[in-house]
Amino acid sequence: MNFVEVSELTKYYPGKTFSKDRILALDKVSFTVGEGEIFGLLGPNGAGKTTLVKILLGIVHPTTGTAGLLGKNLSDVKVKSSVGYLPENHKYPQYLSAGQLLEFYGKLSGMNNTEVKKRSDELLKLVDMEKWKTTKIRKYSKGMMQRVGLAQALINDPKLIFLDEPTDGVDPIGRKHIRDVLIELRNQGKTIFLNSHMLSEIEMICDRVVILNKGSLIKEGNVKDIITTSDLFIFNTSEISDTTMNILLSKYKCMISDRKSFTCKTESLDELNMLIDFLRSEKILIENISKERNTLEKMFINLIEHQN
Amino acid sequence: MNILRTFIIGIFREAIAKKIMLTVFSLFTFLLILIIFAITNEVVDNVITVFEASGQAAYRDAVVAFEAGLISNVPMFLLIVMFIIIVSSFIPSMLREGQIDILLSKPISRPKIVFGHFIAGILLVFFSLVLILGIIWLVVSLKTGIWHFPFLYSIFWMTFIFALLYSTIIFFAFLTKSNIITIIINLFLFFPLTYMLYKYVSWINQGGVSYGGILNILLKFLYYLLPKPWDLSDITDSIVRVSAVNSYMAVYMSILFISVMLAFSVVYFNKKDY
């Protein structure tokens with residue numbers, strides 16, 4: 001069963017008052033998210049990421065298209081008892097403490113007193129906020145707010161969790177802590193839908209990503225496939241002579257960085273081995289050969305720049 | 001029921017945090033001090049002695065009239081205005097970006113959110129009225145020795161008057177997301193608009209000359225269309241005085257008005273993107 005199913009989803013927002021123009025936020029977006037996946041939704045500002053998440057949670061209505069969660073239609077509100085959500089700019093009532101906040105949202109999720117109390121204690125411990133349980137939220141820092149927000153999203157022990165910029169405003173140690181919590185959740189078999197600008201984090205955590213730009217889906221795939229599709233090899237060697245350098249440039253189309261390092265593109269494994277044989281025949285000592293890593297950030301920037 | 005209870009607790013917590021309960025308790029304490037002053041005041045003692053001397057029935061009538069005066073038009077107006085100001089911020093604060101998102105992501109339908117807030121707001125006002133009017137009644141009864149129970153019905157009637165106006169507060173709060181605009185619209189609706197319409201229709205019913213023509217039709221149309229808090233105040237007065245109620249039309253029309261306003265709120269809230 002697909003935990004998230006999006007089919008031909010389109011959303012127009014009304015334009016300025018008295019204007020017939022509409023603003024296209026999503027354009028026929030379709031994809032699925034399977035059980036147990038950590039799924040990343042990427043895109044520049046205004047790409048339609050938040051609109052998409054809000055449609056999936058019933059906060060925004062789609063113009064056309066369909067979507068479903070946990071195999072059920074979005075109109076079935078009961079499905080949300082197995083869903084958790086941390087919005088980007090969450091504003092919790094300042095007069096509540098972390099304990100009261102979790103109690104409030106836990107009960108709205110249909111939990112009883114005993115369940116809420118037990119789960120609150122577990123979660124506050126998980127996000128390292130147990131000491132602050134009775135302190136009012138207005139006294140919390142941004143990082144603490146994010147951690148309490150994460151606890152709020154997990155209060156009903158959801159199968160599917162939507163997190164919109166979960167590490168926004170959090171210091172590096174706090175970010176690492178949140179990342180560890182997400183990995184722990186993945187180990188528990190939870191499905192996580194992550195919307196973040198932190199591409200390095202997405203790369204570290206996510207199994208699969210979708211990239212949106214100007215409301216359209218422009219790339220979808222496994223993170224591992226996306227970041228290792230490069231066929232460029234980086235060589236670190238002993239010093240190369242001018243003659244060898246010329247051959248590398250002309251025959252093997254290599255890019256020379258300096259006399260001890262260069263990058264070559266090979267079409268096949270045979271071609272790579274021929275190159276190695278050539279270097280060895282020239283008495284060049286090979287210290288290291290590595291496949292150039294195509295980072296998610298590099299790929300993302302290339303895609304967006306190409307589109308724009 | 002669990003969700004409704006959670007909304008009620010949430011509204012009460014918000015009311016306590018926003019010092020709303022403190023305002024109610026301050027008002028209550030102020031009233032209590034006034035009444036205690038009255039109890040110990042020699043002039044009041046003399047007035048009571050005079051009424052007691054004129055016979056038990058007249059004495060009882062005087063006490064009932066005094067109690068009815070406590071919840072007549074002006075005190076009723078002041079109390080309701082206080083409650084309008086108190087509750088008008090609940091919906092706009094719920095609709096704040098970042099807060100409404102989380103609420104809508106929970107397994108609760110949008111109509112339940114509207115009704116939950118409506119009932120929670122009414123209960124908040126009901127308990128405040130129990131406190132304020134209950135203590136006033138207790139002190140007056142202890143002082144005069146006349147235990148006039150129908151006065152307590154006014155708690156329910158004033159809650160009903162509040163519910164009538166609260167349904168419009170909810171609608172305009174959803175529409176404008178602003179508690180200031182909501183307060184202004186509701187205060188204008190409550191006074192002077194509905195008061196003038198009430199006075200105009202009462203005047204005609206008592207044999208006064210109507211404006212005639214389209215203006216008369218328009219005023220009467222508005223009278224029947226808009227809430228009738230002042231007619232309900234008259235009914236409350238009659239019930240407290242244990243006298244016959246001329247017409248319950250205002251009650252039926254108010255129930256209809258509340259239903260329509262809540263239906264509009266639900267339809268609007270259901271369609272809205274947040």
Next on the checklist: I'm trying to understand the selection: among the residues of segment A:82-118, which are of a type in the set (Ser, Thr, Tyr) and either part of a helix (DSSP H, G or I) or touching a strand residue (DSSP E or B) at 6+ places or on another chain (Cβ under 7 Å) (or both)?
Outcome noted: A:82, A:85, A:95, A:97, A:105, A:114
Item to check | Breaking point among (1) at pLDDT 85 or above; (2) under 30 Å from residue A:288 (Cβ atoms); (3) under 14 Å from the mean Cα position of the chain (by Cα), for residue A:220 | outcome: (2)
Next on the checklist: Test of understanding: among B:243, B:167, which residue is closer than 27 Å to residue B:75 by Cβ and buried (at least 20 other Cβ atoms within 10 Å of the Cβ)?
Outcome noted: B:167
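A quick yes/no check of all residues on (1) in contact with a Phe, Trp or Tyr (Cβ under 8 Å, 6 or more places away or on another chain); (2) closer than 30 Å to residue A:25 by Cβ; (3) surrounded by 13 or more Cβ atoms within 10 Å (Cβ to Cβ):
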site: A:202; (1), (2), (3): no, yes, yes
site: A:233; (1), (2), (3): no, no, yes
site: A:242; (1), (2), (3): no, no, no
site: A:249; (1), (2), (3): no, no, yes
site: A:260; (1), (2), (3): no, no, yes
site: A:289; (1), (2), (3): yes, no, yes
site: A:296; (1), (2), (3): no, yes, yes
site: A:304; (1), (2), (3): no, yes, yes
Next on the checklist: When you check residue B:164 against the structure, is it at pLDDT 90 or above, within 22 Å of residue B:188 (Cβ to Cβ) and either part of a helix (DSSP H, G or I) or not aliphatic (A, V, I, L, M) (or both), yes or no?
Outcome noted: yes
Item to check | Among the residues listed as A:93, A:44, the single one being in contact (Cβ under 8 Å) with a residue 24 or more places away in the chain and either on the phi > 0 side of the Ramachandran plot or more than 24 Å from the chain's Cα centre (by Cα) (or both) | outcome: A:93
Checklist entry - Is at least one residue of segment A:55-63 closer than 24 Å to residue A:188 by Cα, in contact with an Asp or Glu (Cβ under 9 Å, 6 or more places away or on another chain), at the interface with chain B (Cβ under 7 Å from one of its Cβ atoms) and buried (at least 16 other Cβ atoms within 10 Å of the Cβ)? => result yes
Checklist entry - Got at least one residue in segment A:9-24 being touching a residue at least 24 places away in the same chain (Cβ under 8 Å) and assigned to a loop (DSSP other than H, G, I, E, B)? => result no
Next on the checklist: Among the residues that make up segment A:90-101, is at least one of them among the hydrophobic types (A, V, I, L, M, F, W, C) and facing chain B (nearest Cβ under 8 Å)?
Outcome noted: yes
Checklist entry - Mind checking which residues of segment B:218-268 are more than 20 Å from residue B:171 (Cβ to Cβ), within 20 Å of the chain's Cα centre (by Cα) and in a loop (DSSP other than H, G, I, E, B)? => result B:241, B:245, B:247, B:248
Checklist entry - Regarding residue A:44, is this residue surrounded by 15 or more Cβ atoms within 10 Å (Cβ to Cβ), at pLDDT below 95 and in contact with a Leu (Cβ under 9 Å, 6 or more places away or on another chain)? => result yes
Next on the checklist: I'm told residue B:230 meets every condition in (1) aromatic (Phe, Trp, Tyr); (2) touching a residue at least 12 places away in the same chain (Cβ under 8 Å); (3) surrounded by fewer than 17 Cβ atoms within 10 Å (Cβ to Cβ) except one. Can you identify the failing condition by its number?
Outcome noted: (3)
Checklist entry - within 13 Å of chain B (Cβ to nearest Cβ), surrounded by 17 or more Cβ atoms within 10 Å (Cβ to Cβ) and either at negative phi or modelled with pLDDT under 90 (or both), is that true of residue A:160? => result yes
Checklist entry - How many residues does segment A:220-253 hold that are among the polar types (S, T, N, Q) and under 19 Å from residue A:297 (Cα atoms)? => result 4
Checklist entry - In segment A:64-82, which residues are within 7 Å of chain B (Cβ to nearest Cβ) and buried (at least 23 other Cβ atoms within 10 Å of the Cβ)? => result A:80
Checklist entry - Out of curiosity, is residue A:186 out of contact with any strand residue (DSSP E or B) (no Cβ under 9 Å at 6 or more places or on another chain), over 30 Å from residue A:280 (Cβ atoms) and not assigned by TED's automatic domain parsing to the domain that holds residue A:259? => result no
Item to check | Qualifying positions in segment B:88-105 - of a type in the set (S, T, N, Q) and either within 20 Å of residue A:106 (Cβ to Cβ) or buried (at least 24 other Cβ atoms within 10 Å of the Cβ) (or both) | outcome: B:88, B:99, B:105
Checklist entry - Say we look at segment A:102-133 and pick out the residues that are over 22 Å from residue A:178 (Cβ atoms) and facing chain B (nearest Cβ under 8 Å); which of these is surrounded by the most Cβ atoms within 10 Å (Cβ to Cβ)? => result A:108
Next on the checklist: On the basis of being in the same structural domain as residue A:208 (by TED's automatic domain parsing), assigned to a helix (DSSP H, G or I), modelled with pLDDT of 90 or more and over 26 Å from residue A:200 (Cα atoms), does residue A:79 make the cut?
Outcome noted: yes
Checklist entry - For segment A:16-54, what are the residues that are more than 24 Å from residue A:190 (Cβ to Cβ), within 14 Å of chain B (Cβ to nearest Cβ) and basic (Lys, Arg)? => result A:22
Next on the checklist: I need the full set of residues from segment A:179-199 which are surrounded by fewer than 20 Cβ atoms within 10 Å (Cβ to Cβ), in a helix (DSSP H, G or I) and of a type outside the set (Lys, Arg), in order please.
Outcome noted: A:180, A:181, A:183, A:184, A:187, A:199
Checklist outcome for this item: Within segment B:246-274, the count of residues that are of a type in the set (D, E, K, R) and without any contact (Cβ under 8 Å) to a residue 24 or more places away in the chain comes to 2
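The values are calculated or read from the model by the stated rules, or taken from the named source; none is laboratory data. What you see is a predicted model; the values in this text were computed from it and never measured. Here the Cβ is made from the backbone with ideal geometry for all residues, glycine too, and neighbour counts use every protein chain on show.
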